[in-house]
Amino acid sequence: MAMAQNTTIPVKVGVVLDMDTWLGKMGLSCISMALSDFYAYHGHYKTRLIPKIRDSKRDVVGAAAAALYLLQNEEVQAIIGPASSLQANFVIGLGDKAHVPIISFSATSPSLSSLRSQYFVRATLNDSAQVPAIRAIVQAFGWRQVVLIYLDNEYGNGVIPYLTDALQEIDTRISYRSVIHPLATDDQILEELYKLMTMPTRVFIVHMFAPIGPRLFVRANEIGMMEEGYVWILTDGLTDILGTLDPSVIDSMQGVLGVKPHVPRSKKLESFKIRWKREIQQEYPTNESFELNIFGLWAYDAACGLAMAVEKLGATNFRFQKSNFSRNSTDLDTVGVSLIGPNLLQSLLYTRFRGLSGDFQIVNRQLQSSAFEVVNVIGKGERGVGFWTPENGTVRKLDSTSKPNLGTIVWPGESPSIPKGWVLPTNGKKLRIGVPVTKGFGEFVKVTRDPSSNATKVSGFSIAVFDAVMAALPYAVPYEYIPFQTPDGNPAGDDNDLIYQVYLQKYDAVVGAITILANRSLYVDFTLPYTESGVSMVVPTIDERKENAWVFLKPLTWDLWVTSFCFFVFIGFVIWVLEHRVNKDFRGPRSYQVGTIFWFSFSTLVFAQNERIVSNLARIVMIVWFFVVLILTQSYTASLTSMLTVRQLNPTITDTNELIKKGERVGCQYGSFIYEFLIKSMKFEESKLVNYNSTEELDELFSKGGIAAAFDEIPCIKIFLAKYCSKYTAVGPIYKFDGFGFVFPKGSPLVADVSRKVLSVTEGAKMSQFEKAWFGQIPSCPELTSSVSSNSISLNSFWGLFLIAGVTSFVALITCITIFLHENREALINLNPPSSRWRKIKAMATLFDEKDLRSHTFRKSDQLPDKQHQGHGCSYSLASYTNCPPSPSSLLIPTHSNFAFFSEQGTPSSGHGDPVSPNRPMSPHILFEYELANINHEQINKMPCPKILSKGVTINSHIKPESSKCKLNIVENNSRSFS
């Protein structure tokens, strides 16, 4: 043994604890057992921690003096302790000065983290780590208000800011903070508890430690605050020591919930508890109430972690560097600096192992925990009802990923039902419900006074709904209505003034036609709306059926009128192009053809067209167009019928901007928020606003021309239109608001319950009964819409039909032109002499204007007489001269060489003998003279010399015997071109 001692390196560490407290005694015993177990298991380690123990005597100065002594005289390399956060606040500064780590296993105040000390290591959990678990419990049960009860010291104040922020995140308000001095007497505790009893909130979060925490619950039980309806939630300061409390204290805490860090079970832990129990009883045989808690486990793990960190440094020179000081130096100036301190700190921060309390891991210089346990005080001790983890929230089992929940909880008073978390004061007081006093619109709230009894009676739609909602609550709520009026019975202010009385706590609630607004919600809370809302405009109406002589134009909008006219003309033009070359009905003088286009197109409107359609392309176009015309005419007829038979009440004004531009006066209800809305949001001049108090007054303003329009909320507009439906109408747009709601103080627990009952009442049959009782049978007036409706049919309803007709016509037109150009491509190519592009276009246009004699419509009517001559059996025509027998003595010689003539074989030729196209254009009004040479009179008499070739073409034949010639004069009459 002596040889082992000579080979080990002793390292002195300080231990500063309150030796006369249970925490100090338990901590010291756990530290001693930790070092003993550690070196027994690691006998080969070269270093050995030598604890130097000093009593802090439960005093801040004592703790600082103890630490100073250890640094000056013992030159310890680290200090374990002190016990409290307040003591640690002073000792931390000494550690920074001497570069000595201060390791505390019980200083849990979050405020210590704000010191940002480099050498302070918290081997315990920060109190703020349990805040999310407490927040999850409050959120799980839906409590909207809580009361905080905490100590007025470093420990109590440190966690409050974190708890406040966490509860605000779930919209839970802290209605009161009960701060109790650590040395408060029982009478002072009772006085504070009685104050809490007078408040409606019944959820209390207690952040204390022994011995004042147990005293609080004993007194609370004595005055009846541990009965049904109350909720008590403990932080880990009291939850961790539940096992050490006296049985009488446990009896006073029945039904209390608490959170504490979860300690995983292990064989090592169970073995340590047995050994520790045996040793503590040997050391303190007279005390049988000693129980090991989480702080003892943290003390054990802190000692083991420090021993492991020291061993990592190896055979290092553990010594202090003395500082130079003079006679005038203080004791602090004599403190040396540890040479190994920085290295020891880093070694400790990187130490990881599995301890008795779980994983020992220092992050940001404080211990980390992954789970908290939720316990319920039942019987003689505590029972676990669930866990909280950052990943899964509140769960019944630690490894469960099911829906967040907790086990069965027995609440104070042995109640199995979840407390509401609040109650109404039981001192006989009733809720003071403020109601507005108005001169009009008594359908919502009507305040009357009985002359005989001088009693005030409040009635109305809003009152009926509120009474039904309060009656539906699962608990009784006494209340009374108080009119917001002056002594002479006049309104004491507008709605904003009434709502502000709730903020000033003069009223407990407000019932009436109160609109939910964002700026109002800054001071009070609203329930869910019990009626729709929104702001719209009311204007007078005019009957356009009587006052408009041009009503026949109303069925169609102007854009549809213009579009229809253009399509009628367009369709007529397309049909003319398709039929002009093949249909005699679409030929004639130019003026006649233009008239035909307009006449044909508009005659289709009543299906009275007389022209016959022969082209297939034109027939396709007409089929589609007839369908469009049918739909258009039928729609026009239906709309016009409606306008002439149904009364058309149209608004006089449809645009709010028109009111502003013209400087018109508008009305708004007195005391309504709409007054400010029109000025700030709609930009109306204040001088143009006129207040009214009732529907009768509003009708009078309209009748006398005092206003051009009025703005009001939709429920009020419906009441007004129910009386004057034939004279006024509501026009949009509708400016959305959240509706009428009941007003309660900010954070009132009644808001949630009342809102739920508002939904049940508004969704049931009672709502219809209330509306009929107070609003009567509303006549069938036009519904409010977001914009002014129009009976005119717009282009949007027909653009699809017009698109189909337009595409069909355009395709037919392109197809016709393409076919024409393809058939006459040779005439365009052989145009003599070569011409410019414009001349080619003009030539093709002239050719397109000619008849298409190849069409079946012209084969009989426009040909030369096709009777076969008795002597020759041939057919003469201007288009062809075929099947004629050759005659060597017969020859057609034109008198003008540049005109076409027929050879013996009947082939068209030019005057120079060149072949030409049969479709070559000829100029109009030309006299064609053909001479028959070398033919005797007998032969001339036998030649067919027709008098009429075609309609409008006259053949003049005369014979000159002396020259043996027959001159044919072919004259075109009344036609622009000759085909």
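Would you please classify the overall shape of segment 436-526 from the alpha carbon gyration tensor, given that a ≥ b ≥ c denote the square roots of the eigenvalues, rounded means a/c under 1.5, and beyond that prolate means a/b larger than b/c while oblate covers the rest?
Oblate, since a/c reaches 1.5 and b/c is not below a/b.
Arranged by the count of other C-beta atoms within 10 angstrom, fewest first, what order do Arg612, Arg265 take?
Exposure proxy ranking, most exposed first: Arg265, Arg612.
Mind scanning Lys430/Lys772; Lys446/Lys718; Lys680/Lys746; Lys554/Lys723; Lys268/Lys380; Lys457/Lys736 and naming the pairs with a C-alpha gap bigger than 22 Å?
Lys430/Lys772; Lys680/Lys746; Lys554/Lys723; Lys268/Lys380; Lys457/Lys736
Express the relative contact order of segment 436-526 as a whole percentage, based on alpha carbon pairs under 8 Å and six or more residues apart in sequence. Let's see the in-between values first.
Details: 88 pairs, mean separation 25.5, N = 91.
Value for segment 436-526: 28 percent.
Among Ala518, Gly489, Tyr507, which residue has its Cα positioned farthest towards the positive end of the charge dipole of segment 436-526, with +1 placed on the Cβ of Lys and Arg, -1 on the Cβ of Asp and Glu, and the dipole taken about the Cα centre?
Farthest towards the positive pole: Gly489.
Non-local amide H neighbours of Lys746 (under 5 Å, H modeled in plane, Pro and chain starts lacking H): which ones?
Sorted by chain and number, the residues that satisfy this are Asp525.
What chymotrypsin sites (Phe, Trp or Tyr not before Pro) does segment 436-506 have in DSSP loop regions with at most 13 other beta carbons within 10 Å?
On the way: sites: Phe441, Phe444, Phe461, Phe466, Tyr475, Tyr479, Tyr481, Phe484, Tyr500, Tyr503; in loops: Phe441, Phe444, Tyr475.
Loop-located and lightly packed - Tyr475.
What list do you get for Trp550, Trp561, Trp411 if you sort them by fewest beta carbons within 10 Å?
Trp550, Trp561, Trp411
Along the charge dipole of segment 627-732, pointing to its positive end and built from +1/-1 on Cβ of Lys, Arg, Asp and Glu, which listed residue (Phe677, Ser635, Val690) has its Cα farthest out?
After comparing all options, I get Ser635.
If neighbour count is taken as other Cβ atoms inside 10 Å, put Ile660, Ile189 in order from fewest to most.
Ordered from fewest to most neighbouring Cβ atoms within 10 Å, Ile660, Ile189 come out as Ile660, Ile189.
Quick check: from the Cα gyration tensor, does segment 152-219 come out rounded (a/c under 1.5), prolate or oblate?
Values: a/c = 2.42, a/b = 1.35, b/c = 1.79.
Oblate is the answer for segment 152-219, as a/c is 1.5 or above yet b/c matches or exceeds a/b.
Here, each number is a calculation from the coordinates, and none is a lab measurement. Quick caveat, the model's predicted, so the values are computed rather than measured. Neighbour counts run over all protein chains shown; Cβ positions are idealised from the backbone, glycine included.
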